[in-house]
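Data first, discussion second: the structure below is written as structure tokens.
The values are calculated or read from the model by the stated rules, or taken from the named source; none is laboratory data. What you are looking at is a predicted structure, and each value in this text was computed from that prediction instead of being measured. Every residue, glycine as well, gets a Cβ built from its backbone with ideal geometry; the counts of neighbours run over all protein chains shown.
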Amino acid sequence: MVASQDSGAFGELIRRHQSQVRNFLRKLTRDETLADDLAQDCFLHAWDKIHSYSGSGTFIGWVLKIAYTTFLQSKRKSKRYHEILDQVGHENVRESTSQQGAPEDTLDLEKLLAVLNEQERVIMIFSYACGLSHREISEATELPAGTVKSIIHRAKEKIRTQFEIESYQHG
């Protein structure tokens, strides 16, 4: 139904998934306005490419892949992204937690993600904020599933080391 460009069905899918797409893009861009613009672009691209959705994976995984591609294209086009990374991504963690009125869990997430490189940050957001499987992350990033698993493991270790968090071991 959606693959045949049924605008009503597509509209319903957007309503169901738009907040997850926007939240994903907000975590990537750290700019609410830019994220909302990219989300709109993402859904326009999704509508144009709906014929390519085979239904073999989840729809949200497919849309998040388009959102990630939209983000990457925007990043390549914009010097502003580099300015944002310089201002926010590489600043002292203490400064990033001094935002007024931000929810505590958002501050904690930002604090943890700030120690990761861009690739690690993207994959951790896909995994933990969006709940995608390793296979879905692999499809979205075009990285082998084993590489995705390794990056997640490495990012978790980096966070544990940076914040002196004990790793819980079973047994």
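For residue 9, only one of the following conditions fails: (1) surrounded by 16 or more Cβ atoms within 10 Å (Cβ to Cβ); (2) aliphatic (A, V, I, L, M); (3) modelled with pLDDT under 90. What is its number?
Unmet condition: (1).
Count, please, the residues in segment 124-150 that happen to be under 15 Å from the mean Cα position of the chain (by Cα) and either at pLDDT 95 or above or of a type in the set (Asp, Glu) (or both).
So the answer is 4.
Checking residue 1 against (1) aliphatic (A, V, I, L, M); (2) modelled with pLDDT under 90; (3) within 29 Å of residue 112 (Cα to Cα), which single condition isn't satisfied?
Of the numbered conditions (1) aliphatic (A, V, I, L, M); (2) modelled with pLDDT under 90; (3) within 29 Å of residue 112 (Cα to Cα), the odd one out for residue 1 is (3).
Inspect segment 23-37 for any residue being modelled with pLDDT under 85, closer than 24 Å to residue 134 by Cα and surrounded by 15 or more Cβ atoms within 10 Å (Cβ to Cβ) and give the result as yes or no. Spell out the reasoning first.
Residues of segment 23-37 modelled with pLDDT under 85: none.
No, segment 23-37 contains no residue that is modelled with pLDDT under 85, closer than 24 Å to residue 134 by Cα and surrounded by 15 or more Cβ atoms within 10 Å (Cβ to Cβ).
Considering only residues of segment 118-158 that are under 18 Å from residue 30 (Cβ atoms) and hydrophobic (A, V, I, L, M, F, W, C), which is surrounded by the fewest Cβ atoms within 10 Å (Cβ to Cβ)?
If we filter segment 118-158 for residues that are under 18 Å from residue 30 (Cβ atoms), which is where we start, we get 118-126, 128-130, 155.
Now drop any that are not hydrophobic (A, V, I, L, M, F, W, C), which leaves 122-126, 129-130, 155.
Details: 122: 22, 123: 26, 124: 23, 125: 23, 126: 27, 129: 16, 130: 20, 155: 22.
That would be 129.
Can you list residue pairs whose Cβ atoms sit under 7 Å apart, with the first residue in segment 35-61 being more than 24 Å from residue 77 (Cα to Cα) and the second being polar (S, T, N, Q) and surrounded by fewer than 19 Cβ atoms within 10 Å (Cβ to Cβ)? Count only pairs 6 or more apart in sequence or on different chains.
From segment 35-61, the pairs are 50/5; 60/20.
Going residue by residue through segment 50-71, is there one that turns out to be among the aliphatic types (A, V, I, L, M), more than 18 Å from residue 119 (Cα to Cα), modelled with pLDDT under 85 and assigned to a helix (DSSP H, G or I)?
No, every residue in segment 50-71 fails to be among the aliphatic types (A, V, I, L, M), more than 18 Å from residue 119 (Cα to Cα), modelled with pLDDT under 85 and assigned to a helix (DSSP H, G or I).
Can you pull out the residues in segment 89-123 that are modelled with pLDDT of 65 or more, more than 15 Å from the chain's Cα centre (by Cα) and in a helix (DSSP H, G or I)? Spell out the reasoning first.
Step one: of segment 89-123, the residues modelled with pLDDT of 65 or more are 108-123.
Narrowing the set further to residues that are more than 15 Å from the chain's Cα centre (by Cα) leaves 108, 111, 115.
Correct list: 108, 111.
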